[in-house]
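Working notes for the structure below.
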Amino acid sequence: MYLNEFAELGIKLNNRTSGEVKTKCPECHATRKNKSDDSLSVNIEKGFYNCHNCGFGGSVIFKQKKEFIAPPKIELKIGDKLKDWLRAEVYLRLLWLIGNWRK
Ligand SMILES: [Zn+2]
């Protein structure tokens, strides 16, 4: 159940806690002329939501993953000596591969 996640996105589930619900889209409802149109379809159990009017949609599960499992940015600093070593290593491996290939 992703009730809190939907609430954080401004999606009102109209007191429903399961199944699929049609509700007002937090992205485009304020600009709609037809205020009674519930354009956002929400699957409460699966965490999906999609607006047939503006295309606002996604998954609260996916959003969570992006926020909480994203690895920190790692800056890779390779010194020149290491670069030379890697180059030599790759070269030797290639030679080894070619040498074995011919056998
Ligand atoms: Zn919308």
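Suppose we keep only residues that are surrounded by fewer than 18 Cβ atoms within 10 Å (Cβ to Cβ) and closer than 15 Å to Glu45 by Cα within region 19-33. Which one would you say is nearest to the ligand (Cβ to nearest atom)? This residue is Lys22. Where the second residue is more than 9 Å from the ligand (Cβ to nearest atom) and among the charged types (D, E, K, R) and the first is within 17 Å of Asn14 (Cβ to Cβ) and lies in region 24-52, which pairs have Cβ atoms under 6 Å and are six or more apart or on separate chains? Matching pairs, first to second residue: Lys24/Asp38; Asp38/Lys22; Ser41/Lys22; Asn43/Glu20.
Across region 34-53, which residue is nearest to the chain's Cα centre (by Cα) among those that are more than 10 Å from the ligand (Cβ to nearest atom) and surrounded by fewer than 15 Cβ atoms within 10 Å (Cβ to Cβ)? Step by step, filter region 34-53, then rank; the result is Lys46. With respect to being modelled with pLDDT under 90, away from the ligand (no atom under 16 Å from the Cβ), surrounded by 15 or more Cβ atoms within 10 Å (Cβ to Cβ) and among the charged types (D, E, K, R), Lys81 falls outside the description.
The values are calculated or read from the model by the stated rules, or taken from the named source; none is laboratory data. Everything quoted here is computed from the prediction, not taken from an experiment. Cβ sites come from the backbone with ideal geometry, for glycine too, and all protein chains shown count toward neighbours.
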